[in-house]
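What follows is a set of notes on a single structure, which appears directly below.
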Amino acid sequence: MNKDLYASISAGRANGKKKMAVLIDPDKVRMSNIKEVLALAKESEVDFFFIGGSLIVNNMLDQCLETIKETCDIPMILFPGNSFQLSYKANGILFLSLISGRNAELLIGKHVITAPYLKMSPLEILPTGYMLVDGGVPTTVSYVSNTQPIPASKDDVAMCTALAGQMLGLKLIYMDAGSGAKNPISESMISAVSQTIDIPLIVGGGIRTPEKAYQNAKAGADIIVVGNAIEKDPSLVKEMAAAIHSVNETVKT
Ligand code: 1GP
């Protein structure tokens, strides 16, 4: 099985080279708009595309992946909202276990159904502990998953959850305040979690400015995910990527 994506993500953490992922929701993206985002992402050396949404209601996933592939060779990682959001056209998949919640289906149930399909696929599987953190507004994910996010001020709960995920053998931790969150995750929580775990940390949800992206990376996020802000203003890609890539710190091992 291909291991290039994880090798590059973990090398990024080891070398302190921060990475940027642009989240593309195939439902929301207008195909006219996507070309502009792709051109800017290529120019700005965006590291990954995360492809997914909590609900994909149109059948645009394959078309979206094909369009990206025609334009650039930035790796495409599926960030599936449910087990139907699968496509062999991507390069990898975040195999998400919702470790902030206590919904057995999303901790292990759906995975049992999807595993045999993924075994046959060419996708690189990235086992990921997914942690929802309260971003000040109810999110589609917490509604659909019937789980409560971690309270924004509970750094210790986030630390212990991430550590348990690592000890269970998960390879990445993704802390998400949810798409369009009013309050992005605090630097204090990012820093506490990043210092507790040894595996790479992905952070997203409500990051709207290059300054915030920079602070998140400085605090210890290894990959910063930006979706909404770029959907609204594609020109932000350049500044966001420059801000994230300007942080270069070696993380303790
Ligand atoms: C959501 O972390 C992502 O799952 C990105 O959030 O759309 O708010 O940037 P935004």
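Among rounded, prolate and oblate, which fits region 144-223 when a ≥ b ≥ c are the square roots of the eigenvalues of its C-alpha gyration tensor, a/c under 1.5 means rounded, and a/b larger than b/c means prolate? Spell out each step's value before the answer.
Working: a/c = 1.69, a/b = 1.20, b/c = 1.41.
In terms of gyration-tensor shape, oblate.
Considering the options Leu98, Gly206, Val112, tell which one lies farthest towards the positive end of the dipole of the chain, charges being +1 on Lys and Arg and -1 on Asp and Glu at the Cβ, about the Cα centre.
Of Leu98, Gly206, Val112, it is Val112.
Provide the FRET efficiency to the nearest 0.05 for the Val144-Glu249 pair, computing r from the beta carbons and using R0 = 45 Å.
Between Val144 and Glu249 the formula returns 0.80.
With N set to the number of residues, divide the alpha-carbon radius of gyration of the chain by 2.2 N^0.38 Å and report two decimals.
In units of the globular-protein estimate, the chain measures up at 0.91.
Just list whichever of Lys28/Lys110; Lys19/Lys212; Lys182/Lys232; Lys110/Lys154; Lys212/Lys238 have alpha carbons separated by over 19 Å in the model shown.
Lys28/Lys110; Lys110/Lys154
Give the cross-link partners of Lys3 among the lysines, using a straight C-alpha distance below 16 Å as the criterion and excluding same-chain residues fewer than 8 apart.
Lys119, Lys171
Under 13 Å from the Cβ of Gln166, count the other residues' Cβ atoms, weight Lys and Arg +1, Asp and Glu -1, and hand me the total.
Every neighbour counted, the sum reads +1.
Nearest 20 debye, what's the magnitude of the dipole of the chain about its Cα centre given +1 on Lys and Arg Cβ and -1 on Asp and Glu Cβ?
For this selection, approximately 220 debye.
If we count trypsin sites (Lys or Arg not before Pro) as exposed when they sit in a DSSP loop and have at most 12 other beta carbons within 10 Å, what is the longest stretch of the chain that avoids them all?
103-181
Relative contact order for the chain using alpha-carbon pairs under 8 Å, separation at least 6, rounded to a whole percent?
After rounding, I find 24 percent.
Laboratory data are not the source of any read-out in this text; all were calculated from the coordinates shown. These figures come from a predicted structure and were not determined experimentally. Cβ: placed from backbone, ideal geometry, glycine included. Neighbour counts: every protein chain shown.
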